[in-house]
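As structure tokens, the structure follows; a few thoughts come after it.
The values are calculated or read from the model by the stated rules, or taken from the named source; none is laboratory data. Computed from a predicted structure; not experimentally measured. Quick reminder, even Gly has a Cβ in these numbers, built from the backbone with ideal geometry, and neighbours come from all protein chains shown. Note: accessible area is taken over every heavy atom of the protein model, side chains too, but ligands, DNA and RNA are not part of it. Shrake-Rupley method; radii C 1.70, N 1.55, O 1.52, S 1.80 Å.
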Amino acid sequence: VLRPRISYLADDLVIPTWNAAFVYDTVAGTQAAVEIIEFANSQLLQFRYYDELLDSALADIYPKIQKEARWYDAILGRHYARAARQVHALFIDVNELTDRTENALRVAGDIYTARVLTLTGSRLGLEQWKANVQEKLKTLDDIYRFAVEQTGMARGETLELMIVLILVFELILFFMGIMK
């Protein structure tokens, strides 16, 4: 418990743990340390929320992508387009919010504050939660790219079919003597 501790002067001490913290300092120093710890906890809650949100979104999107498309959706490529829009909207929202969360507090010039934040974050496991969210965002991005690729392929096949039908129609008209 005492190993991950930090102090600025000889008469102050901050010992964060995953569920509590011991702060011994002046009133102003204690208030600053408590605010940093609260900020780290709010980051933890946000990343846990994003992790759960992405879990449920991924659980919802997999069946939609694997579900057999109606014939007219498959021809027009709309089956994957809906999934792509949904996935991309969530990807943008969560990515923007995680960026804002990470950039909410810039500790520049105050090494002690940065160290307290880093120590508290490591005790809370913030990096693991960030990594989980980033991995799920990468998965969402992969799903989005897959859906866009499938949509493009379906639309390309539809265009090819239309061209073939136009050529067949022209041949029929040519052999009937209507078109010369």
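Which FRET efficiency value, to the nearest 0.05, is calculated for Y62 and F39 with the Förster distance at 25 angstrom and r the Cβ-Cβ distance? Each step should come with its number before you reach the end.
Working: r = 35 Å, r/R0 = 1.40.
The formula returns an efficiency of 0.10 here.
Just in segment 1-50: which chymotrypsin sites (Phe, Trp or Tyr not before Pro) are loop by DSSP and have at most 13 other Cβ atoms within 10 Å?
Values: sites: Y8, W18, F22, Y24, F39, F47, Y49, Y50; in loops: Y8, W18.
Those satisfying the criteria are W18.
Take the alpha-carbon positions of the chain, form their convex hull, and give its projected area averaged over all directions (one quarter of the hull surface) in nm².
Working: hull surface 61.5 nm².
That works out to 15.4 nm².
So how much accessible area does L9 have, in Å² to the nearest 10, using a 1.4 Å probe?
100
Could you give the angle, 0 to 90 degrees to the nearest 10, between helix 27-66's Cα long axis and the longest principal axis of the Cα atoms of the chain?
Once rounded, the angle reads 20 degrees.
Just to confirm, what accessible area per residue do you get for the chain at 1.4 Å probe, in whole Å²? Present the calculation step by step, with values, prior to reporting the outcome.
Numbers: 12270 Å² over 180 residues.
Per residue, the chain has an accessible area of 68 Å².
Quick check: with the 1.4 Å probe, what order do V133, V27 take by accessible area, largest first?
Numbers: V133 0, V27 130 Å².
Ranked from most to least accessible, the order is V27, V133.
Points 7 angstrom from Cα along the Cβ direction at F169 and D12: gap in nanometres?
About 7.9 nm separates the two model spin labels.
Net charge around L124, counting only other residues with Cβ within less than 12 Å of its Cβ (Lys, Arg = +1; Asp, Glu = -1)? Before the final figure, lay out the partial values.
Working: positive: R48, R123, K130; negative: E38, E127.
Charge balance near L124 sits at +1.
I want to check a number: in the chain, how many lysine pairs have alpha carbons closer than 23 Å, given a sequence separation of 8 or more or different chains? Write down the numbers at each step before the final one.
Working: K64/K136; K64/K138; K67/K136; K67/K138; K130/K138.
Lysine pairs meeting both conditions in the chain amount to 5.
Take the solvent-accessible surface of the protein heavy atoms, probe 1.4 Å, and return the percent of it on the chain that carbon and sulfur atoms account for. Before the final figure, lay out each step's value.
Working: 7410 of 12270 Å².
Answer for the chain is 60 percent, counting heavy atoms of protein chains only.
Rounded to the nearest 500 deg cm²/dmol, what is the calculated helix-only ellipticity per residue at 222 nm for the chain, with -39500 (n - 2.57) per DSSP H run of length n ≥ 4?
On the way: 5 runs with 137 residues, N = 180.
Result for the chain, helices only: -27000 deg cm²/dmol.
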